[in-house]
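First up is the structure itself, then whatever we jot down about it.
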Amino acid sequence: MGFTSNGSSESTAPLKFLIYGRTGWIGGLLGKLCESQGINYVYGSGRLQDRDSLITDLETVKPSHVFNAAGVTGRPNVDWCESHKVETIRTNVVGTLTLADVCRERGLVLINYATGCIFEYDLNHPLGSGIGFKEEDTPNFIGSFYSKTKAMVEDLLKNYENVCTLRVRMPISSDLTNPRNFITKISKYEKVVDIPNSMTILDELLPISLEMAKRNLTGIWNFTNPGVVSHNEILEMYKAYIDPNFTWKNFTLEEQAKVIVAPRSNNELDSTKLKKEFPELLSIKESLIRYVFKPNQKTSVA
C-alpha cells in the first residue's frame, strides 16, 4: 500500500487536504482551520455513495489526506433517521465505506469523524464510576437507528488499515449561536435530563485531528476530552459566564422517552489513548471554560 504506517513521522510531501462535508458544521470548521494554518485544501464535490465521483475528486485534487465530515445525523435530530432508514444507510454506511475503499486503493489516509454515541452505561461501566469505554470495546447501544448504522460502519472500517476513526460525542464549540452546538441545544430545551457524559470540544480537538493526519495516525480513537460533565454542570457554567438570569428544568429519562422517538446514548469514553498522544489535551471542564465560556463571557464571574 502507498500510505505510510500508523503513527509514522510527517511526510516531506506538501499537505493537501480533501474534505467532504462542506455544508456541515465540522466540515466548515475544518476549512477555516486549514486557512488559518496555511494548509492547502479542497472540498470534495462528489457524493459519498457515488464511487465514480469520488474517484474523479481524488484524481483531480491529488490530496495528501482525505477527511470525511459528511454524514446523516437527521434534522432537527436523530429521530429523523428512524423514518428515513434507507437515506441514512446510503450515506452513513454505503457512502463512508465507498470513500474508505477508494482512499485505500490510492494509499491515502482517511480521517473519519464518527460518533461515540454507540455505547451506554452498563454493569462494567457504571455511571459515575470513572470507568470509560475503550477503543477496543464492542458497542452496546443500538437504541437509535442512527447509532446502529454508525456502530455497523465502525466495525467494518476496522478492516481498512488506512482509516482513522474519531469517535466524536455531543460536540461543543465556542459558537453559541450554532444550532448544532450541544450547549445551544440544551439551553433552548424546555426540559433537560442531567447525566454525566463524555463530550468533544471542537475548538480544542479539531486542530488535533489535523495533527493526527500529519502523523498518519489510523485506527479507532475516542475523540473526547478526558472526564465527563453533566447537563446541569454545563448550564451552571452558562448561567455563571453568560446569563445570570438563565433557568432550566430537569426531567427523568422516563419522562424524556415520552417526547423523543429513539432513545439517546449516555456514556463515558476512556480518552487515555488520545491523551497519551497529545499530553496537552485538557479535561472536559477545563476545556469548556478555556475554549467556550471564557471567550463568550458576559458576566463578571472570576
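Those helices (runs of 4 or more DSSP H) of segment 30-134 in which at least 2 residues are without any contact (Cβ under 8 Å) to a residue 60 or more places away in the chain and either crowded, with 21+ Cβ neighbours inside 10 Å or of a type in the set (Val, Ile, Thr) (or both), considering only elements entirely within it, cover 51-61, 96-105.
The residues of segment 171-197 that are under 17 Å from Ile26 (Cβ atoms) and not in a helix (DSSP H, G or I), listed by number, are Pro171, Ile172, Ser173, Ser174, Asp175, Leu176, Thr177, Asn178, Pro179, Arg180, Asn181. Is it the case that Glu255 is open to solvent by 60 Å² or more (accessible area, probe 1.4 Å), farther than 18 Å from Thr184 by Cα and part of a loop (DSSP other than H, G, I, E, B)? No, not satisfied.
All conditions in (1) open to solvent by 10 Å² or more (accessible area, probe 1.4 Å); (2) assigned to a helix (DSSP H, G or I); (3) within 18 Å of Asn112 (Cβ to Cβ) hold for Leu210, with the sole exception of (1). Scanning segment 229-243 for residues that are closer than 20 Å to Ser271 by Cβ and open to solvent by 40 Å² or more (accessible area, probe 1.4 Å) yields a single hit, Glu233. The residue pairs whose first member lies in segment 195-214 and is more than 26 Å from Glu120 (Cα to Cα), whose second member is among the β-branched types (Val, Ile, Thr) and buried (at least 22 other Cβ atoms within 10 Å of the Cβ), and whose beta carbons are closer than 8 Å, counting only pairs six or more residues apart or on different chains, are Met212/Ile111; Ala213/Val109; Ala213/Ile111.
Matching residues to (1) closer than 22 Å to Lys150 by Cα; (2) in contact with a Gly (Cβ under 7 Å, 6 or more places away or on another chain):
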| residue | (1), (2) |
| --- | --- |
| Gly24 | yes, no |
| Gly27 | yes, yes |
| Gly46 | yes, no |
| Asp52 | no, no |
| Phe67 | yes, no |
| Val86 | yes, no |
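Scanning segment 135-179 for residues that are of a type in the set (Gly, Ala, Ser), in contact (Cβ under 8 Å) with a residue 40 or more places away in the chain and open to solvent by 10 Å² or more (accessible area, probe 1.4 Å) returns Gly143, Ser174. Checking each residue in segment 158-170 for being part of a loop (DSSP other than H, G, I, E, B) and under 17 Å from the mean Cα position of the chain (by Cα) picks out Arg169, Met170. Summed over segment 135-157, the residues that are in a loop (DSSP other than H, G, I, E, B) and in contact with a strand residue (DSSP E or B) (Cβ under 7 Å, 6 or more places away or on another chain) give a count of 2. The criterion of being modelled with pLDDT of 95 or more, more than 22 Å from Lys214 (Cβ to Cβ) and not aliphatic (A, V, I, L, M) does not hold for Pro76.
The values are calculated or read from the model by the stated rules, or taken from the named source; none is laboratory data. All figures in this text were calculated on a predicted structure; none of them were measured in a lab. Cβ: placed from backbone, ideal geometry, glycine included. Neighbour counts: every protein chain shown. Remember, those area values only see protein heavy atoms, side chains included, never the ligands or the DNA or RNA. Shrake-Rupley method; radii C 1.70, N 1.55, O 1.52, S 1.80 Å.
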